[in-house]
Amino acid sequence: MSPSGPVEFLVAGLGNPGRQYEGTRHNAGFMALDAIAAKNHTEIKRVKFKGVIGECRLGGMRTLLLKPSTFMNLSGQSVQEAMQFYKLPPERVLILFDDINLEPGKLRIRRKGSDGGHNGMKNIIYLSGSDQFPRIKLGVGQKPHPDYNLADWVLSRFSEQEREALETAFQNAAAASELIAKGEIDRAMSLYN
């Protein structure tokens, strides 16, 4: 049964569509969103807003789960379209994305801020004209050495050990998302940062 009433909250997980990107570091946002969907017995499969969507209740709020299909660098097109459709302010739009400055399994929750050099976030901020988005950054680990090509690194897959750490991180991200939807971002930060 799908939740009734207007959508009050949006969670967008960032990644790249297509089989060749499944399970890559850059798709940590998609993977975390899948964990939220699984925990809430919902599927993300309806095509809408230049992405695929599902709906559930998070922290009592009717929530849209969104995976943009625009490729990472144009994530803002999809997020912006959904925001405008439901007239949601940035404060009600949670973005989940990968962060190479955090170890796999670590989360960093922020109330708002710059794009931190992340192209998906950069595009969302640019197209919406706001940086007031709460976000959960998912650690995917640093490049093995400084000369390693960044694109190759973020499109590489996780080791078995990293995957285990990530499973926990995805469950924590799902729990943190509930708190953020309820307006308890400080509690989410103290528990999961």
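The values are calculated or read from the model by the stated rules, or taken from the named source; none is laboratory data. None of these values were measured; they are calculated from a predicted model. Glycine gets a Cβ as well: all are built from the backbone with ideal geometry, and neighbour counts include every protein chain shown. In case anyone asks, the SASA skips ligands and DNA or RNA and just uses the protein heavy atoms, side chains included. Shrake-Rupley method; radii C 1.70, N 1.55, O 1.52, S 1.80 Å.
Annotation: of all residues in the stretch 80-117 being free of Cβ contacts under 8 Å to residues at least 24 places away in the same chain and open to solvent by less than 70 Å² (accessible area, probe 1.4 Å), the one that is farthest from Phe30 (Cα to Cα) is Gly113.
Could you list, in sequence order, the residues of the stretch 86-100 that are assigned to a loop (DSSP other than H, G, I, E, B) and under 17 Å from Leu127 (Cβ atoms)? Before you say what the answer is, go through the steps one by one.
Of all residues in the stretch 86-100, those assigned to a loop (DSSP other than H, G, I, E, B) come to 87-89, 100.
If the condition is that a residue be assigned to a loop (DSSP other than H, G, I, E, B) and under 17 Å from Leu127 (Cβ atoms), then Lys87, Leu88, Pro89 are the ones that fit.
Return yes or no: is Gly105 closer than 22 Å to Ile36 by Cα and of a type outside the set (A, V, I, L, M)? I'd like the intermediate steps shown before the answer.
On the way: closer than 22 Å to Ile36 by Cα: yes; of a type outside the set (A, V, I, L, M): yes.
For Gly105, the condition - closer than 22 Å to Ile36 by Cα and of a type outside the set (A, V, I, L, M) - is met.
Say whether the condition of being at positive phi, at pLDDT below 95, of a type outside the set (S, T, N, Q) and out of contact with any strand residue (DSSP E or B) (no Cβ under 6 Å at 6 or more places or on another chain) is met by at least one residue in the stretch 138-152. For the stretch 138-152, residues at positive phi, at pLDDT below 95, of a type outside the set (S, T, N, Q) and out of contact with any strand residue (DSSP E or B) (no Cβ under 6 Å at 6 or more places or on another chain): present. Working only within the stretch 16-47, note down all residues that are modelled with pLDDT of 95 or more and on the phi > 0 side of the Ramachandran plot. Residue satisfying the conditions is His41 alone.
Within the stretch 129-140, take every residue that is surrounded by 23 or more Cβ atoms within 10 Å (Cβ to Cβ) and touching a Pro at 6+ places or on another chain (Cβ under 8 Å) and give me the one that is farthest from Asn101 (Cα to Cα). Restricting to residues being surrounded by 23 or more Cβ atoms within 10 Å (Cβ to Cβ) and touching a Pro at 6+ places or on another chain (Cβ under 8 Å), the top hit is Phe133. When Thr24, Thr63 are screened for being touching a residue at least 40 places away in the same chain (Cβ under 8 Å), among the β-branched types (Val, Ile, Thr) and under 24 Å from Gly141 (Cα atoms), only Thr24 passes.
Restricting attention to the stretch 15-24, the residues being open to solvent by 10 Å² or more (accessible area, probe 1.4 Å) and in contact with a helix residue (DSSP H, G or I) (Cβ under 6 Å, 6 or more places away or on another chain) number 2. Exactly one residue out of Ala12, Ala28 is closer than 17 Å to Thr168 by Cα, open to solvent by less than 10 Å² (accessible area, probe 1.4 Å) and either of a type outside the set (D, E, K, R) or assigned to a loop (DSSP other than H, G, I, E, B) (or both): that is Ala28. Only residues that are in a strand (DSSP E or B) and either farther than 19 Å from Ala35 by Cβ or within 13 Å of the chain's Cα centre (by Cα) (or both) were counted in the stretch 54-85, giving 6. For the stretch 73-87, a residue qualifies if it is of a type in the set (Phe, Trp, Tyr) and in contact with a Ser or Thr (Cβ under 7 Å, 6 or more places away or on another chain), but none of them does.
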